[in-house]
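Colleague: One structure, pasted below without further comment.
Just so you know, all these numbers are worked out from the coordinates, no wet-lab data involved. As the structure is a computational prediction, the values presented were derived from the model and not from experiment.
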Amino acid sequence: MIKKKKTFKFYQSLGKLFYAIAAADKKVHSIEFDKLKEMVKKQWLSVDSIEDEFETDAAFQIEIVFDWLNKEENLNAEACYNAFVNYKNEQPHLFTSDIKHLILKTGSNIAYAFSGVNKSELIMLAKLDLELKK
């Protein structure tokens, strides 16, 4: 039986994905990050009970990685998206139907947070939807 325990790397890969969606249009708005933080608190904290040595829920890695990537210069949203896809393909057992649904929900909420979804974000979300159906 394959163990489906999430890891810090799982949440870090989600941080890369959600950054990629927000940065698809070359600009990350603070409201997009705020929406991500809201989704982490309302949805992702209850996914499992993994904590770090400071007893901080592992799901906060999503926010930490997103914020770190947002502060870096010249990061490519497509490269971040591809890093997520590579991780997903290496660890497919972690991506249950519930997790896939939550990923799409979070990505959509981020994309719609600032003036609705734009073409670049829509394309990224469509690619993600197809990827998660594999």
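Colleague: I'd like the full set of residues that are under 12 Å from Glu78 (Cα atoms) and of a type in the set (Asp, Glu), limited to segment 113-134.
Modeller: Across segment 113-134, the qualifying residue is only Glu121.
Colleague: Could you say whether any residue in segment 28-35 is aromatic (Phe, Trp, Tyr) and over 16 Å from Ala111 (Cα atoms)? Give the steps one after another, and end with the answer.
Modeller: Quick first cut of segment 28-35, residues aromatic (Phe, Trp, Tyr) only: 33.
Cutting the leftovers down to over 16 Å from Ala111 (Cα atoms) gives us none.
No: segment 28-35 contains no residue that is aromatic (Phe, Trp, Tyr) and over 16 Å from Ala111 (Cα atoms).
Colleague: Right, Ser120: more than 13 Å from the chain's Cα centre (by Cα), within 22 Å of Lys9 (Cα to Cα) and among the polar types (S, T, N, Q) or not?
Modeller: On the way: more than 13 Å from the chain's Cα centre (by Cα): yes; within 22 Å of Lys9 (Cα to Cα): no; among the polar types (S, T, N, Q): yes.
No.
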